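The values are calculated or read from the model by the stated rules, or taken from the named source; none is laboratory data. What you see is a predicted model; the values in this text were computed from it and never measured. Note that we place each Cβ from the backbone using ideal geometry, even for glycine, and neighbour counts take in every protein chain shown. These accessible areas exclude ligands, DNA and RNA; they are computed on the full protein's heavy atoms, side chains included. Shrake-Rupley method; radii C 1.70, N 1.55, O 1.52, S 1.80 Å.
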Amino acid sequence: MNPVSIIQSIPSHVSRIGVIALHAFTQLVRMKVFYFLAFFAVILIASNFFNLPQHEGPEAAGVNILRSIKSWSLGAMTLFSVVLSIVATALLLPKDVEDRTLYTILAKPVPRIDYLAGKLLGVLLLVFISLLIMNLLMTGILQIRTNLLVTDQVAMAESRGWPAEDIALLKNDILAQGPTFSLQGAVFSVFLRATIIASMALLISTFSSSTLFTTIIAFLIYFIGHFQADARAAYFADQAGTSDGWISKLITLLIALVLPDFQLFNVIDAVIEGQVMPLFILGKLTLIGLFYVVFYILASWFVFAEKEF
Amino acid sequence: MTEIPAAVEIRHLVKDFKTSFKKQPLRAVDDVSIRIMPGEVYGLIGPNGSGKSTTMKALLGLVAPTSGECSIFGKDSLKVDSRDEVGFLPENPYFYKHLSGEETLKFYGKLCGIKGAKLRERVGELLKLVDLEGASHRRIGGYSKGMLQRIGLAQALIQEPRLVILDEPTAGVDPVGSREIRDLIFKLKEQGITVFLCSHLLEQVQEVCDHVGIIFRGKMVRQGKLDDLISIEDQTELILKDASPELVAEIKALIERDTSAELVRSGKPRTTLERLFLRETRIQETSK
């Protein structure tokens, strides 16, 4: 029997990673994770009726609704993407070890890096599609509400006899709170943050033996990531007179290497307020995301390559 | 003439597992050497915890040897390409419950680089071979123990490997399922596929294997050709059919007259409980 007769080609890393990723995605979909989209739809509809504290004049009343929609939607996107990234990643690896399905996969000509990258990509595909659907829903609702608001406010301004330039300014102010490119950038930033968290959870799951441990530690690191920059700054401000500059820099670098600074993603809040997200910020976040994904995957591989089953 | 590489070559394998900090490491496998040539069916037998599964895992690169070497068709087991021509069925396998039998085989096939029409054809062949055509669209979660073993065997064979490693292939399977798996091993043997299996069912090992190794507390205590190992050199067996009592008495008298020979035992040969069970269930099935 000649094995060459059936195996058409030696699968490349990319095709094997693709097979594992699609499988991980199917596995999560069949766990019915997409049901949460129904909750998102409810949150989105409810956000239309939430009243935020209002400090501006009556002409800004409608704008608050737009902010509310963005704030609740991006908040829900953050929550779902973070939970999905951590729980799904923490679940897949220990489950394969426990069920011994990992034996059958690694007993095939599958390099361990392909297995890890495939699993991570499967989770990221799920998060991406989830965010895409949530984004479409949010953008759709926001577009409708913005159009209605522009019509109402322009009519109100005209009835009050506002000059044309002021009406144009009012219109621009409203449109800035609607679906903008910056808003799409904010959603992409939510995805980038989820990518970093998922790859971090992957690293933890390579040396942890349980889903629970991975989940708890990953959430802990996620929360630490929100104030580690402040803590670092405060600590080194105190130590500034006593310690050597290069030691401080080295420690800072090491902390930043292992624990991502999630404060960098606070730009999302600025977008909710209607500010523009500069392209270079988005580029910077993308590079940071890529760096952490590559770093965490290589670290995961380093641990997983030596792991015995 | 170049030497044909052994299908399996395990040389002086030692595997220690760390326990706690203070204790000595646990030696699971202690200087085990096994050589299996292409086309042979080798059975590794031994009690629980004797190191059978660890030996197999070392051969598949799932654990790294503390010392010693393992290779498959001349390729180092720690290298990924050594797994190109191997199929493995672990003990008590659990496959992805969310996939159907057919999807499971397709998944493993794609991992090995089989695609399109070839993959569909191969999946169909294997489902037929393991008699799961009727359950191919059912989720694995609903499979019985025997069905799981059979789909496990099918996934092991997906890329037409030259070596199949089976860890307790009949564990927990009823006698009918067990017999079916045994028949499948016979089919593999006919096709010239090398089989390396370990099992508790000694009778089955005896039936299908031509080489056997006995492992005890991590050490290989005996190995070789099955016929050589189990034949009792100083005894001869005669099995007669439709022999009259007079003929039996005459043979016995003849033996008694010989000064060096001794009659150890005579009587009716017995079938096994397994054969009896299979015969009776088959009769019941055909009488329906």
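Annotations for the structure displayed:
- Only listed residue being in contact with an Asp or Glu (Cβ under 6 Å, 6 or more places away or on another chain), open to solvent by 60 Å² or more (accessible area, probe 1.4 Å) and away from every other protein chain (no Cβ under 14 Å), chosen from B:LYS225, B:LYS241, B:LYS219: B:LYS219
- Single residue of the range B:165-187 satisfying the filter (touching a strand residue (DSSP E or B) at 6+ places or on another chain (Cβ under 9 Å) and assigned to a loop (DSSP other than H, G, I, E, B)) that is farthest from the other protein chains (Cβ to nearest Cβ): B:PRO169
Condition check ((1) within 30 Å of A:ASN135 (Cβ to Cβ); (2) open to solvent by 10 Å² or more (accessible area, probe 1.4 Å); (3) under 23 Å from the mean Cα position of the chain (by Cα)) across all residues:
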residue: A:GLY75; (1), (2), (3): yes, yes, yes
residue: A:LEU79; (1), (2), (3): yes, yes, yes
residue: A:LEU92; (1), (2), (3): yes, no, yes
residue: A:GLU98; (1), (2), (3): no, yes, no
residue: A:ILE105; (1), (2), (3): no, no, no
residue: A:GLY122; (1), (2), (3): yes, no, yes
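- Residue count for the range B:86-130 under the criterion of being open to solvent by less than 30 Å² (accessible area, probe 1.4 Å) and at negative phi: the result is 26.
- Checked against the criterion of being more than 23 Å from A:ALA76 (Cα to Cα) and either modelled with pLDDT of 90 or more or open to solvent by 60 Å² or more (accessible area, probe 1.4 Å) (or both), the range A:258-271 contains one or more residues that satisfy it.
- Members of the range B:202-216 found to be assigned to a loop (DSSP other than H, G, I, E, B) and buried (at least 16 other Cβ atoms within 10 Å of the Cβ), listed by number: B:CYS209
- Wholly within the range B:38-144, strands (runs of 3 or more DSSP E) carrying at least 3 residues that are within 12 Å of chain A (Cβ to nearest Cβ) and modelled with pLDDT of 90 or more: B:86-89
- Of all the residues in the range A:72-116, those that are without any contact (Cβ under 8 Å) to a residue 24 or more places away in the chain, in a helix (DSSP H, G or I) and acidic (Asp, Glu) number 2.
- Restricting attention to the range B:180-201, the residues being of a type outside the set (A, V, I, L, M, F, W, C) and open to solvent by less than 40 Å² (accessible area, probe 1.4 Å) number 3.
- Exactly one residue out of B:GLY172, B:GLY74, B:GLY101 is more than 15 Å from the chain's Cα centre (by Cα) and over 24 Å from A:GLY118 (Cβ atoms): that is B:GLY74.
- Single residue of the range A:9-23 satisfying the filter (part of a helix (DSSP H, G or I) and facing chain B (nearest Cβ under 10 Å)) that is modelled with the lowest pLDDT: A:SER15
- In the range B:244-286, the residue that is most open to solvent (accessible area, probe 1.4 Å) out of those that are among the hydroxyl-bearing types (Ser, Thr, Tyr) and at pLDDT 80 or above is B:THR259.
- Any chance B:ALA156 is surrounded by 21 or more Cβ atoms within 10 Å (Cβ to Cβ) and more than 11 Å from the chain's Cα centre (by Cα): yes
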